[in-house]
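The values are calculated or read from the model by the stated rules, or taken from the named source; none is laboratory data. Small disclaimer: the values here were computed from a predicted structure and weren't measured. As a convention, Cβ positions derive from the backbone with ideal geometry for all residues, glycine included, and neighbour counts pool all protein chains shown.
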Amino acid sequence: MELSIKYEKPKVLQALRYHFISRREIKIMMILVNVFALFAAVLYAFKLISPLPFLMSSVLWISMMGAFWIWLPALIYRKSKTFKDQFNVFIEEQHFFIQTSSGKRTWAWREFQRYYETPGFFHLYFDDKTFFLIPKNAFTDSSALEEARRIFKLGIKRN
């Protein structure tokens, strides 16, 4: 199956947000910061602390959300030339190919560590931090999308 890929910035930024939010350490940090912010709000409401700790927890929460929701996805998008390129992808039973104007690269499915699906993309992971995004809108129809899912399930562990 051959796909022509051209990324759209808003969709890529959303896919990168999914990537960051799906990371276990970020989930844990977000939970801890939220618990801290709620705890500070309750203590402030009962007049057990001054406004400063409550304000600090709020600033910490806003900073963290801004970093993971706005700053990090924009930074990754800006630094990666892949998202600004147009290329062809070939999905076959045993291999994954990328063809650009500068060359061609092949990977066997066993070289991918895992994959997962979000509303707009398939995220194919080589390791915890290196991944490739395949936009779902690159597929010609729903049967091609289902065929890709089948190939990914057979070749890559799902996480």
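Couple of notes before you dig in:
- Residue among 16, 72 that alone is in contact with a Pro (Cβ under 8 Å, 6 or more places away or on another chain) and under 27 Å from residue 136 (Cβ atoms): 16
- Any hit, segment 85-97, residues being free of Cβ contacts under 8 Å to residues at least 12 places away in the same chain and either assigned to a helix (DSSP H, G or I) or not assigned by TED's automatic domain parsing to the domain that holds residue 149 (or both): no
Here is a yes/no grid of residues against (1) over 29 Å from residue 130 (Cβ atoms); (2) modelled with pLDDT under 90; (3) assigned by TED's automatic domain parsing to the domain that holds residue 129; (4) not in a helix (DSSP H, G or I):
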| site | (1), (2), (3), (4) |
| --- | --- |
| 16 | no, no, no, no |
| 19 | no, no, no, no |
| 30 | no, yes, no, no |
| 39 | yes, yes, no, no |
| 52 | yes, yes, no, no |
| 57 | yes, yes, no, no |
| 60 | yes, yes, no, no |
| 64 | no, yes, no, no |
| 70 | no, no, no, no |
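- Qualifying residue in segment 102-110 (condition: touching a His at 6+ places or on another chain (Cβ under 8 Å), surrounded by 18 or more Cβ atoms within 10 Å (Cβ to Cβ) and of a type outside the set (A, V, I, L, M, F, W, C)): no
- Of all residues making up segment 134-152, the number that are in contact with a Leu (Cβ under 8 Å, 6 or more places away or on another chain) and in a strand (DSSP E or B): 1
- Subset tally (residues that are crowded, with 19+ Cβ neighbours inside 10 Å and either more than 10 Å from the chain's Cα centre (by Cα) or without any contact (Cβ under 8 Å) to a residue 40 or more places away in the chain (or both)) for segment 111-138: 6
- Test: residue in segment 98-105 that is assigned to a strand (DSSP E or B), within 19 Å of residue 157 (Cβ to Cβ) and at pLDDT 90 or above: no
- Scanning segment 19-69 for residues that are of a type in the set (Ser, Thr, Tyr), within 29 Å of residue 120 (Cβ to Cβ) and surrounded by 13 or more Cβ atoms within 10 Å (Cβ to Cβ) returns a single hit, 22.
- Residue ID - nearest to residue 32 (Cα to Cα), chosen from residues in segment 43-60 that are of a type in the set (Ser, Thr, Tyr) and without any contact (Cβ under 8 Å) to a residue 12 or more places away in the chain: 44
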